[in-house]
Protein chains: 2
Amino acid sequence: MALKVYADRMSQPSRAVIIFCKINGIDFEEVRIDLPKRQHLTPEFREINPMRQIPAIVDGRFKLSESHAILIYLACVFPGVADHWYPADLFKRAKIHSVLDWHHLNLRRGSATYVLNSVLAPALGLPLNPTAAAEGEKILSASLAKIESVWLKGSGRFLLGSSQPSIADLSLVCEIMQLEMADEKDRDRILNPHKRVLKWIDDTKNATRPHFDEVHSTLYKVKEKLKQLRSDGIIETGSIKKTAPVSKM
Amino acid sequence: MALKVYADRMSQPSRAVIIFCKINGIDFEEVRIDLPKRQHLTPEFREINPMRQIPAIVDGRFKLSESHAILIYLACVFPGVADHWYPADLFKRAKIHSVLDWHHLNLRRGSATYVLNSVLAPALGLPLNPTAAAEGEKILSASLAKIESVWLKGSGRFLLGSSQPSIADLSLVCEIMQLEMADEKDRDRILNPHKRVLKWIDDTKNATRPHFDEVHSTLYKVKEKLKQLRSDGIIETGSIKKTAPVSKM
């Protein structure tokens, strides 16, 4: 029985897991859990992951949630995964754990808070919150500055000075990709001060093509839809008018 | 050269690392980084951890931050560590990663937000924020309910049905111990609905004595000091009067 990956491609950790499987030739079945339709809250999905979050996997009798734990598990149990994704070397591995742990309350918290409160909230039945968006942007910008000055220091193209990507590069870049949904001016304001981050995003995309773009195609479509709605004046930067058909994004 | 652990015992992840070293007989030197004195922001500490967070370790030439990454590293490189702390079994290990990953944006986020905004803020030069405290309590209570219904389900005394504690038990229980600083009524309101959690906290304390109490003695002293200030009417539940000598706690 193939590995099952329960995911929604609009969720950044879901995309990281799907790209990882595809690039490493892991045979898997993708089971769509539609977040706006609240499919993660159904009794059926509760049997898969009682924490009611995606991504989650079922591998035979084994169930697992949390994308970082899933990426580590897959790197360890599937023999075809190249060492650079999750090195056997204890010191390199420890540094990757450190980046992934840091991610939760820094880059992820900042990015998710910003995108939720400046763009996504209405699609989830919540109000936009400019104050929360500003707080999210502050954490996000500080996190991007830290990535640039600490983990992208040195000569390697990837985090921790590596010449090839690890699961940390994949996880963090998928997170930053959520900003594709923001207004272009806002995205540029947040990302453009960090030239090394921009280059690293490109390098990670290039190292994981064509899977990176294929798995992000849903996000790119939503980006275009939002761009059109903004250009038509139906939604504004940082606020969506009540008439916008956001629930159908 | 012995392992150096940079820590402040008022910090919950610092305590988890210190207890882990003591209980496993790891030879280490504890270097106090006084958070209220902002010693984590000095240029000297920046050389140890550019993320300016504690705990951090230096093991020979190797530097590492983030408590979960540190606990995993120590469990892997020090030969005397019993398997139950971080099992070699890939499936058990994956589940521990899952708990630790979940911790960041759930239990830690809820607990830290609640304690900061209802008790600690003035000691750090920040205002108390009852709205943020209420939001923190909501996340914290939901997290405690999940721990009880998901990870403490089954017959084992510890998380994931284990009969002995892992690094996840230690990390999560140290987090919950921050509530010792809250008013007793508040702590009871938050913790008492979760009887299995209360028993698990006791079981984890018992399994790690005498180190657990010794490392928490600083916290217990602050708890008594706060209790006295509350009883003298100098600080109130959820708010500290301007005259309170909180910066000297």
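A short reminder: the numbers here are calculations on the coordinates, not readings from a lab. Note that the coordinates shown come from a computational prediction; the quantities given were computed from them, not determined experimentally. Here Cβ is always computed from backbone atoms with ideal geometry, including for glycine, and neighbour counts include all displayed protein chains.
A Cβ-based charge dipole, computed about the Cα centre of chain A with Lys and Arg at +1 and Asp and Glu at -1, lands at about 340 debye. When DSSP beta bridges are restricted to pairs lying wholly in the protein assembly as shown, around 65% turn out antiparallel.
Only helical runs count toward this figure. For chain A, summing -39,500 (n - 2.57) over DSSP H runs of n ≥ 4 and dividing by all residues gives -14000 deg cm²/dmol at 222 nm. Annotation: the antiparallel percentage among DSSP beta bridges lying fully within region A:1-154 is about 60.
By the gyration tensor of its Cα atoms, with a ≥ b ≥ c the square roots of the eigenvalues, what is the shape of chain A: rounded for a/c under 1.5, prolate for a/b over b/c, or oblate? Oblate.
Across the identical copies, the label point of B:Thr218 (7 Å from Cα in the Cβ direction) is separated from its matches by 4.6 nm, in order from shortest. How many angstrom lie between the Cα centre of region A:88-127 and the Cα centre of region B:67-83? If you average the Cα positions of each part, the centres end up 25 Å apart.
Projected label points at A:Glu224 and A:Leu124, each 7 Å from Cα along the beta carbon direction, are separated by 2.6 nanometres.
Relative contact order for region A:3-81: 33 percent, from Cα pairs under 8 Å spaced at least 6 residues apart, divided by residue count.
Compute the distance in nm between two label points, each set 7 Å from the Cα along the Cα-to-Cβ direction, one at A:Val77 and one at A:Lys153. Once both label points are built, they end up 3.8 nm from each other. For peptide A:96-107, the mean count of partner chain Cβ atoms within 10 Å of a residue's Cβ comes to 6. Answer rounded, prolate or oblate for region A:132-174, using the Cα gyration tensor with square roots of eigenvalues a ≥ b ≥ c: rounded when a/c is under 1.5, else prolate when a/b is larger than b/c, else oblate. Judged from the Cα gyration tensor, region A:132-174 comes out oblate (a/c at least 1.5, b/c at or above a/b). Ascending distances from the A:Asn206 label point to its copies in the other chains, with the point 7 Å along the Cα-to-beta-carbon line: 6.0 nm. For B:Ala56, the residues whose modelled amide H falls within less than 5 Å of its own, excluding neighbours fewer than 5 places apart on the same chain, are B:Tyr6. Along the axis of the charge dipole computed for the protein assembly as shown (Cβ charges of +1 for Lys and Arg, -1 for Asp and Glu, origin at the Cα centre), the listed residues A:Ala75, B:Pro193, A:Leu229 are led at the positive end by A:Leu229. Run the reach check for B:Lys199 against lysines, Cα to Cα strictly under 28 Å, same-chain hits fewer than 8 apart removed. What comes back? Candidates past the 8-residue exclusion: A:Lys63, B:Lys22, B:Lys92, B:Lys95, B:Lys138, B:Lys146, B:Lys153, B:Lys185, B:Lys221, B:Lys223, B:Lys225, B:Lys227. For B:Ile235, nonlocal amide neighbours, meaning residues 5 or more places apart or on other chains whose placed amide H falls under 5 Å from its own, are B:Arg230. In sequence order, region A:60-67 has phi-based couplings of x, 8, 9, 10, 8, 10, 6, 4 Hz under the Karplus curve 6.51 cos²θ - 1.76 cosθ + 1.60, θ = phi - 60°, and Gly or Pro positions carry x. Using the Karplus relation 6.51 cos²θ - 1.76 cosθ + 1.60 with θ = phi - 60°, the per-residue 3J(HN,Hα) values for region B:162-173 come to 7, 8, 9, x, 10, 4, 5, 4, 4, 5, 6, 5 Hz, with x marking Gly and Pro. The trypsin sites (Lys or Arg not before Pro) of region B:96-156 meeting both criteria, a DSSP state outside H, G, I, E and B (loop) and at most 16 other C-beta atoms within 10 angstrom of the site's C-beta, are B:Lys153. Distances between placed amide hydrogens fall under 5 Å for B:Leu3 paired with B:Glu29, all partners being 5 or more residues away or on another chain. Whole-Hz Karplus values for region A:68-85 come out as 5, 4, 5, 4, 5, 4, 4, 5, 7, 9, 9, x, x, 7, 5, 4, 5, 5 Hz, taken residue by residue from phi with 6.51 cos²θ - 1.76 cosθ + 1.60 and θ = phi - 60°; glycine and proline positions read x.
Distances, shortest first, from the label point of B:Leu90 to those at the same position in the other copies read 2.0 nm; the point lies 7 Å along Cα to C-beta. Closest approach to the axis carrying A onto B, counted by Cβ on chain A and given in whole Å with its residue, is A:His104, 2.
Here the Gaussian network model covers chain B, with springs between Cα atoms less than 10 Å apart; of B:Phe45, B:Phe62, B:Phe20, B:Phe62 fluctuates the most.
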